1. When you check S99 against the structure, is it in a helix (DSSP H, G or I), of a type in the set (S, T, Y), at pLDDT below 70 and over 16 Å from A171 (Cα atoms), yes or no?
2. Test S114 against the criterion of being touching a Phe, Trp or Tyr at 6+ places or on another chain (Cβ under 7 Å) and either within 21 Å of T177 (Cα to Cα) or among the small types (G, A, S) (or both), and give yes or no.
3. The conditions are (1) within 17 Å of the chain's Cα centre (by Cα); (2) open to solvent by less than 90 Å² (accessible area, probe 1.4 Å); (3) hydrophobic (A, V, I, L, M, F, W, C), and V107 fails exactly one of them. Which is it?
4. Please tell me if V74 is under 21 Å from W134 (Cα atoms), modelled with pLDDT of 95 or more and open to solvent by less than 50 Å² (accessible area, probe 1.4 Å).
5. Could you pull out the residue among V74, V107 that is in contact (Cβ under 8 Å) with a residue 60 or more places away in the chain, farther than 18 Å from A159 by Cα and either in contact with a Pro (Cβ under 8 Å, 6 or more places away or on another chain) or among the aliphatic types (A, V, I, L, M) (or both)?
6. Among (1) over 12 Å from the mean Cα position of the chain (by Cα); (2) surrounded by 14 or more Cβ atoms within 10 Å (Cβ to Cβ), which single condition is Q168 missing?
7. Got a number for residues in the stretch 135-156 being buried (at least 19 other Cβ atoms within 10 Å of the Cβ) and part of a helix (DSSP H, G or I)?
8. Would you confirm, using the coordinates I've provided, whether F98 is open to solvent by less than 30 Å² (accessible area, probe 1.4 Å) and in contact (Cβ under 8 Å) with a residue 24 or more places away in the chain?
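The values are calculated or read from the model by the stated rules, or taken from the named source; none is laboratory data. Note that the coordinates shown come from a computational prediction; the quantities given were computed from them, not determined experimentally. Counting neighbours? That spans all protein chains shown, and the Cβs are built from the backbone with ideal geometry, glycine included. Heavy atoms of the whole protein, side chains included, go into the accessibility calculation; ligands, DNA and RNA do not. Shrake-Rupley method; radii C 1.70, N 1.55, O 1.52, S 1.80 Å.
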Amino acid sequence: MDASVAGVVGTAVGALGAVAGGWISVIGQGRQQRQQLHADREQRREAVRREAYSACIASTKLLSAAWWRFSDLVWEEQSTPEQWRAGFAEAHQAWTQFSTAVADVVVAGPVAASDAAEALRVAMYDWEKVGMDWFAAALREGHGRLDEFDERFKQAAEAQRSPDRAFQQAARAALGTQHP
C-alpha cells in the first residue's frame with residue numbers, strides 16, 4: 001500500500017472516529033440533560049408537596065384552636081351572643097383556610113397523602129358541624145352551657161386526632177422523611 005492510500009485510509013478512519021465520538025458525546029449530553037430535567041422536576045414536586053403538607057398541618061392546628069376558643073367562649077357564663085358570633089366567624093375563617101389547604105394536598109398528591117388529607121377533612125367537618133349546631137343551640141337557648149353539645153364537641157375533637165396523625169404519617173412517607 002502506497003503512502004497516499006494509507007493517508008486516505010488514515011484520514012477516513014480518523015473522520016469516522018471523530019463522528020462516532022461526536023455522536024457518543026451528543027447522546028451522553030442528551031441523557032444527562034434528561035436526568036437533570038427529571039431531578040429538577042422531582043425537586044419542584046417535593047417543594048410543592050412540602051408546602052401543601054405544611055399548610056394543611058398548620059391550618060388544622062389553627063382550626064382546632066379556633067374551635068376550642070369558641071367552646072371556651074360559649075361555655076363562659078358572662079359571654080354574649082356577639083362574642084359567640086365573633087368566635088364562630090373565626091372558626092369559619094379557619095375552616096376556609098383548612099379546606100383550601102386540603103385541596104392543595106389533593107392536587108399535590110400522591111394518592112396516599114390525598115386520601116389521608118380527605119379523611120382528615122371529613123373528621124374536621126364532623127367537628128365543624130357539631131360546633132355549628134352548638135352555636136345555633138346557644139343562640140336559641142340564650143346561653144352556651146349545653147352539656148349535650150359539649151360532650152359531642154369533645155367526642156368530635158377526639159375523633160379527628162387519628163386522621164390528623166395518619167395524614168402527618170402519609171406526608172412523611174411521601175417526602176421520605178419517615179423516622180426509623
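1. Working: in a helix (DSSP H, G or I): yes; of a type in the set (S, T, Y): yes; at pLDDT below 70: no; over 16 Å from A171 (Cα atoms): yes.
Answer is no for this residue.
2. no
3. The failed condition is (2).
4. Considered against the rule, which asks whether it is under 21 Å from W134 (Cα atoms), modelled with pLDDT of 95 or more and open to solvent by less than 50 Å² (accessible area, probe 1.4 Å), V74 comes out as yes.
5. Going through V74, V107 in turn, the sole match is V74.
6. Just one mismatch for Q168, condition (1).
7. Restricting attention to the stretch 135-156, the residues satisfying the condition of being buried (at least 19 other Cβ atoms within 10 Å of the Cβ) are 135, 138, 144, 149, 153, 156.
Keeping just the survivors that are part of a helix (DSSP H, G or I) gives 135, 138, 149, 153, 156.
So the answer is 5.
8. Values: open to solvent by less than 30 Å² (accessible area, probe 1.4 Å): yes; in contact (Cβ under 8 Å) with a residue 24 or more places away in the chain: yes.
Taking the combined requirement at face value, the residue satisfies it.
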